[in-house]
Amino acid sequence: HGYKGVFHLSLNSSYDSIIFVKQYNSQNSSLPTSDISLSKIDDEIIFYGAKNIYRFSTDQENFNKIEKFNGLLQNKTVQLIRQDNNGDSWYFSEGNAGVIRKSEDGKSNNISLPFKKLTNQFVRGLEFVYYLNDQNVFFGIENGFAHYNALIAKDYIKSFNAYLRYMQTNNPDSIYYN
């Protein structure tokens with residue numbers, strides 16, 4: 001249960017009885033107090049919650065932060081992270097969605113701008129993403145589904161010009177210049 005920590009269970013050889021149980025939480029590990037989830041990314045089980053993503057170190061019997069993810073996600077609280085067939089990791093964080101995409105040079109990029117219009121439209125606690133292929137990624141939202149096609153090129157950071165006809169301030173010490 002995510003609010004009680006992470007449990008390590010060892011089973012007997014016939015897998016019908018538990019022979020060992022150890023609980024990890026904020027009292028005996030570097031995990032946060034509550035709301036811990038897990039996913040499998042690159043054939044490794046990762047743990048996430050409360051602004052960090054961790055991996056378990058059997059040598060240290062503790063959880064270590066994964067700097068690759070934490071650096072890209074800027075210590076945001078992740079509700080869900082799932083990996084697709086290409087090795088890209090789709091995530092939901094604080095009402096937003098994004099994808100950590102691996103590039104050809106081995107580096108990873110956090111892509112979130114294409115999903116800004118979906119902010120706070122996801123069903124909290126039931127976030128859903130289904131990756132079919134690069135042309136068909138589906139997000140579950142409050143009113144149904146949203147479709148994303150990564151092959152459609154779009155400039156999400158467009159500059160625009162503005163013409164100010166009038167400007168007023170309550171601060172008489174302000175300086176205006178061209």
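Scan the stretch 1-48 for residues that are in contact with a Gly (Cβ under 9 Å, 6 or more places away or on another chain) and of a type in the set (Gly, Ala, Ser) and the total you get is 5. Note on the stretch 72-116: enclosed strands (runs of 3 or more DSSP E) holding 2 or more residues that are open to solvent by 20 Å² or more (accessible area, probe 1.4 Å) and either under 26 Å from residue 31 (Cα atoms) or not small (Gly, Ala, Ser) (or both) are 78-83, 96-102, 108-111.
Is there a residue in the stretch 90-97 that is out of contact with any Pro (no Cβ under 7 Å at 6 or more places or on another chain) and over 20 Å from residue 41 (Cβ atoms)? Yes, some residue in the stretch 90-97 is out of contact with any Pro (no Cβ under 7 Å at 6 or more places or on another chain) and over 20 Å from residue 41 (Cβ atoms).
Would you confirm whether or not the stretch 27-40 contains a residue that is loosely packed, with under 10 Cβ neighbours inside 10 Å, out of contact with any Asp or Glu (no Cβ under 9 Å at 6 or more places or on another chain) and not in a loop (DSSP other than H, G, I, E, B)?
No - not one qualifying residue is present in the stretch 27-40.
Of the residues making up the stretch 50-80, those that are within 12 Å of the chain's Cα centre (by Cα) and of a type in the set (A, V, I, L, M, F, W, C) are 50, 53, 69, 72, 73, 78, 80. Note on the stretch 1-12: among residues that are open to solvent by 70 Å² or more (accessible area, probe 1.4 Å) and part of a strand (DSSP E or B), the one that is farthest from residue 53 (Cα to Cα) is 11. Take the residues in the stretch 13-26 that are at pLDDT 85 or above and open to solvent by less than 90 Å² (accessible area, probe 1.4 Å), then tell me which one is farthest from the chain's Cα centre (by Cα). The extreme case among them is 14.
From the list 30, 10, 39, the one residue that fits, being at pLDDT below 85 and either out of contact with any helix residue (DSSP H, G or I) (no Cβ under 8 Å at 6 or more places or on another chain) or among the basic types (Lys, Arg) (or both), is 30. Has the stretch 54-68 got any residue that is in a strand (DSSP E or B), touching a residue at least 24 places away in the same chain (Cβ under 8 Å), surrounded by fewer than 13 Cβ atoms within 10 Å (Cβ to Cβ) and basic (Lys, Arg)? Looking for residues that are in a strand (DSSP E or B), touching a residue at least 24 places away in the same chain (Cβ under 8 Å), surrounded by fewer than 13 Cβ atoms within 10 Å (Cβ to Cβ) and basic (Lys, Arg), one finds none in the stretch 54-68, hence no.
Among the residues of the stretch 13-26, just one is part of a strand (DSSP E or B) and touching a Lys or Arg at 6+ places or on another chain (Cβ under 8 Å), namely 23. Under the condition of being among the hydroxyl-bearing types (Ser, Thr, Tyr) and more than 17 Å from residue 134 (Cα to Cα), the residues counted in the stretch 61-107 number 2.
Looking across the stretch 121-155, the residues that are open to solvent by 40 Å² or more (accessible area, probe 1.4 Å) and out of contact with any strand residue (DSSP E or B) (no Cβ under 8 Å at 6 or more places or on another chain) come down to 133, 134, 135, 142, 143, 151, 152, 153, 154, 155.
The values are calculated or read from the model by the stated rules, or taken from the named source; none is laboratory data. Just so we're clear, the structure is a prediction, and the values are computed from it rather than from any experiment. For neighbour counting, all protein chains shown are included, and Cβ atoms are generated from backbone atoms with ideal geometry for every residue, glycine included. Ligands, DNA and RNA are stripped out before the accessible areas are found, and what is left, the full protein with its side chains, is counted by its heavy atoms. Shrake-Rupley method; radii C 1.70, N 1.55, O 1.52, S 1.80 Å.
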